[in-house]
Amino acid sequence: MPVDAIFGVSPQTVSDCMKAALSKGGSYSDVYFERSRKWSCLLADRVASSVRADTDFGAGVRVVDGLKTGYAYTQCCDHASLMAAAESASAISSKGGGNAPCTESFSDPLYIGRYDMQAPWSQHLPIECLKTLDELIFSRDSSVLKFIARLDCSEKDILFYNSLGTRCSETRPLGSITAYVIMSKNGRTESFSCSRSWRMGREMISDSLLSDMADTLIEGGRRLFESDRPSSGRMPVVFAPGISGILLHEAIGHAFEADMIRKNTSVFSGKMGEMVANPIVSVVDDGTIYGNRGALSFDDEGVAGQKTYMVREGRLESYLHDRISAAHFGVEPTGNGRRENFRFAPIPRMRCTYMEAGDSSLEQLIGGVDKGIYVDNISNGQVNIGQGDFTFYVKTGYMIENGRLTRPIKDTNIIGNGPQALADIIGVGDTLVVEDSATICGKGQSVAVGCGMPAALVRELNVGGLDK
């Protein structure tokens, strides 16, 4: 079914809605229609159960008046409901006599598709993949006590219009497998988890994917039995390629989102064009990686997905803009206007944030450290987004002693400041790995994102606590 037919609205109805939204003033209006269909299945105690299917449906009407936003949503898309939402959203402006142009004709820009579905989730929920993964896990190691896995998938139909005459529509797929294993050995119990996710349909499920996840879980759990916590202190840290991009996203990326810049609550406010890192460092937010969780043909404001350099060769080159911040700073939007669903107005959000590769091998980065740690599995922590102060949990890694990886480590923290850590990167690996984990970013509303890193050497961070 064409996306337009799902919502049953005509361009004339949308035009009427936006004219009503702008009737009291305001310079811009848009209407965002969404139908979201989600399916999930949980496997626990070797049984696949808790199968769910959910559908959400509605539209949001937005009015922008300078830096002010009026927003209202409805779960009905008939003419009367849309006009009522427009009336509510228009209350943000009290200028009277709306003079903003509002077209009655709309055109579809030529967007580049960033994903497709060869096998839609809506046709079949592949519960059997969880059973296969369960069998692989229990067959590979007798120390497995418990295994839990979850399949989450969705298809989101989007139809968007704005008062500038833009119209765009598409179906966005998303699939994720998250798995968790508990193992016991010599009276000790350890747990390890991993996930995989792409903007794809059922074609993302394969024997090689399930085998890779089983290997990752078993090998990760086994290593924990050989690991202990490192001593604390300030020391160099080498971050492994891939999952370490979470640190880049949380401790640094948020501070480049332009709503924080506009409100002067980011440490990077007012630093456009300044050197904020070593010239070997280039940091990108990218919506163009085909099939990535952060991939976008267009953002939730109808702006084409694109690749944005935040830092190029150490110099701050761009913030991440939605339409409001772009208008405020007199620049073009960067395609970062995103929302969780039709109940939320879009705000600047990351897509897939990563550092570009440098010219050092991983062996060279490790070889340059007398005493430090190598981090290869980093997870949730706490971040002061504005200033970038962070504490992150290190699940696994290794000690580095005399330029070599020695004993495995686990369950420690790294503590530092994101902008300072960015400035203290003194080596960048030659291989970029974009992580395929099921990463979610929360900022008042949740969106799917991607991240990545080459290996990187930071001069010094607090490890395991404060200085001795």
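The values are calculated or read from the model by the stated rules, or taken from the named source; none is laboratory data. Treat the numbers as computed from the prediction; the structure is a model and nothing was measured. With ideal geometry, Cβ positions are generated from the backbone for all residues, glycine too; neighbour counts draw on all protein chains shown. Accessible surface areas use protein heavy atoms only, side chains included; no ligands, DNA or RNA. Shrake-Rupley method; radii C 1.70, N 1.55, O 1.52, S 1.80 Å.
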Single residue of the stretch 185-242 satisfying the filter (outside any strand (DSSP E or B) and at positive phi) that is nearest to the chain's Cα centre (by Cα) | GLY242
Taking only pairs six or more apart or across chains, which ones have beta-carbon atoms under 6 Å, a first residue in the stretch 203-222 that is within 10 Å of ILE137 (Cβ to Cβ), and a second residue that is small (Gly, Ala, Ser) and in a helix (DSSP H, G or I)?
-> none
Residues in the stretch 447-455: is at least one open to solvent by 10 Å² or more (accessible area, probe 1.4 Å), over 21 Å from LEU365 (Cβ atoms) and not in a strand (DSSP E or B)?
-> no
Quick one: in the stretch 236-258, which of the residues that are modelled with pLDDT of 95 or more and open to solvent by 10 Å² or more (accessible area, probe 1.4 Å) is nearest to GLY335 (Cα to Cα)?
-> PRO241
Members of the stretch 177-203 found to be out of contact with any helix residue (DSSP H, G or I) (no Cβ under 6 Å at 6 or more places or on another chain), open to solvent by 10 Å² or more (accessible area, probe 1.4 Å) and not charged (D, E, K, R), listed by number | THR178, TYR180, ILE182, SER184, ASN186, GLY187, THR189, SER191, SER193, SER195, MET200
Looking at ALA80, ALA119, which is the one that is assigned to a helix (DSSP H, G or I) and of a type outside the set (Ser, Thr, Tyr)?
-> ALA80
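Kindly indicate whether any position in the stretch 27-42 is aromatic (Phe, Trp, Tyr), buried (at least 17 other Cβ atoms within 10 Å of the Cβ) and either free of Cβ contacts under 8 Å to residues at least 40 places away in the same chain or within 30 Å of GLU135 (Cβ to Cβ) (or both). Before the answer, list the steps.
Taking the stretch 27-42 first, the residues aromatic (Phe, Trp, Tyr) are 28, 32-33, 39.
The next check asks that each one be buried (at least 17 other Cβ atoms within 10 Å of the Cβ); those that pass are 28, 32-33, 39.
With either free of Cβ contacts under 8 Å to residues at least 40 places away in the same chain or within 30 Å of GLU135 (Cβ to Cβ) (or both) added as a condition, the list becomes 39.
Yes, the stretch 27-42 contains at least one residue that is aromatic (Phe, Trp, Tyr), buried (at least 17 other Cβ atoms within 10 Å of the Cβ) and either free of Cβ contacts under 8 Å to residues at least 40 places away in the same chain or within 30 Å of GLU135 (Cβ to Cβ) (or both).
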Looking at this structure, is ALA179 under 29 Å from GLY358 (Cα atoms) and either among the small types (Gly, Ala, Ser) or touching a Pro at 6+ places or on another chain (Cβ under 7 Å) (or both)?
-> no
Within the stretch 335-345, can one find any residue that is acidic (Asp, Glu), surrounded by fewer than 24 Cβ atoms within 10 Å (Cβ to Cβ) and farther than 27 Å from GLY58 by Cα?
-> no
So GLY386 clears everything in (1) in a strand (DSSP E or B); (2) small (Gly, Ala, Ser); (3) buried (at least 16 other Cβ atoms within 10 Å of the Cβ) except one condition, right? Which one?
-> (1)
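For (1) in a loop (DSSP other than H, G, I, E, B); (2) open to solvent by less than 10 Å² (accessible area, probe 1.4 Å); (3) in contact with a strand residue (DSSP E or B) (Cβ under 8 Å, 6 or more places away or on another chain); (4) in contact (Cβ under 8 Å) with a residue 40 or more places away in the chain, each residue gets a yes or a no:
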{"site": "PHE268", "(1), (2), (3), (4)": "yes, yes, yes, yes"}
{"site": "GLY273", "(1), (2), (3), (4)": "yes, no, yes, yes"}
{"site": "ASP285", "(1), (2), (3), (4)": "no, yes, yes, yes"}
{"site": "GLY291", "(1), (2), (3), (4)": "yes, yes, yes, yes"}
{"site": "ALA295", "(1), (2), (3), (4)": "yes, yes, yes, yes"}
{"site": "VAL311", "(1), (2), (3), (4)": "no, yes, yes, yes"}
In the set ILE366, ILE409, ILE378, which member is part of a strand (DSSP E or B), more than 29 Å from ASN292 (Cα to Cα), of a type in the set (A, V, I, L, M, F, W, C) and open to solvent by less than 40 Å² (accessible area, probe 1.4 Å)?
-> ILE409
